[in-house]
Amino acid sequence: MTTSLLLELTRRHQEPHRHYHTLEHVAAMLHAGRDFPLDDVQTMAVWFHDAIYDPRSRTNEADSAALAGARLREAGWPQDRVQRVQAIVLDTVHHAPRSPEAAPVIDLDLMSLALPRPEFERNTAAIRREHAHVPDAEFAAGRRAFFAAMLQRERIYHTAWGGPFEALARANLQAGLAGG
């Protein structure tokens, strides 16, 4: 990664409207990703997965994937590797990996669901701040829908690394649905 690209991505993740989708989120993913370890395609997918984040937009992932394509091609990356980064970024839309190399990135992105309850609630509050423009009832309905959809999955996590997080994530999501 070039210095100018690292600085751009750092700046993007520190935009003032971000409260959860921040540089700290990326850093946590990269830190935990040492357990895999992530290759450079996966590392770039982590960096780019929320590079463009506008809480009012429904195209953040597509926009982030397009940005990844442009910046990585400018940096001289081969097209096949650029496309792999873009595919992983797009998989974060539904948190469902379409390739084995996307699974670690998705699990890292979802690891916050399995944080101890106070941290989970702090993250929910941070996400709420990002969506301050959304009426309370609409935000609560969206949150319930996301939690319910995650709970309906056979597995939330797609790697052996994520397996131990499953029970706590489900407990947090259940408590969130119950209003607690």
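No value in this document is a laboratory result; all are computed from the given coordinates. It should be emphasised that the depicted structure is a prediction, and the values quoted were computed from it without experimental measurement. Using ideal geometry, Cβ is built from the backbone for each residue, glycine included, and neighbour counts are taken over all protein chains shown.
Quick look at the values:
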| item | result |
| --- | --- |
| Residue-wise HN-Hα coupling along region 145-155, computed from phi with Karplus coefficients 6.51, -1.76, 1.60 (Hz; x: Gly, Pro) | 4, 5, 4, 4, 4, 5, 5, 6, 5, 4, 9 |
| Sites excluded, trypsin sites (Lys or Arg not before Pro) in DSSP loops with at most 13 other C-beta within 10 Å, longest stretch of the chain | 1-55 |
| Mean separation of Cα contacts under 8 Å, 6 or more apart, over the residue count of region 3-177: relative contact order % | 21 |
| Derived scalar couplings ³J(HN,Hα) [region 88-100; Karplus, 6.51 cos²θ - 1.76 cosθ + 1.60; whole Hz; x for Gly, Pro] | 5, 4, 5, 5, 6, 4, 10, 6, 9, x, 9, 9, x |
| Under the Karplus curve 6.51 cos²θ - 1.76 cosθ + 1.60, θ = phi - 60°, whole-Hz ³J(HN,Hα) for region 55-65, x wherever Gly or Pro sits | x, 8, 9, 9, 10, 4, 5, 5, 5, 5, 5 |
| The chain - mean residue ellipticity at 222 nm from DSSP helices (-39,500 (n - 2.57) per run, n ≥ 4, rounded to 500) | -19000 deg cm²/dmol |
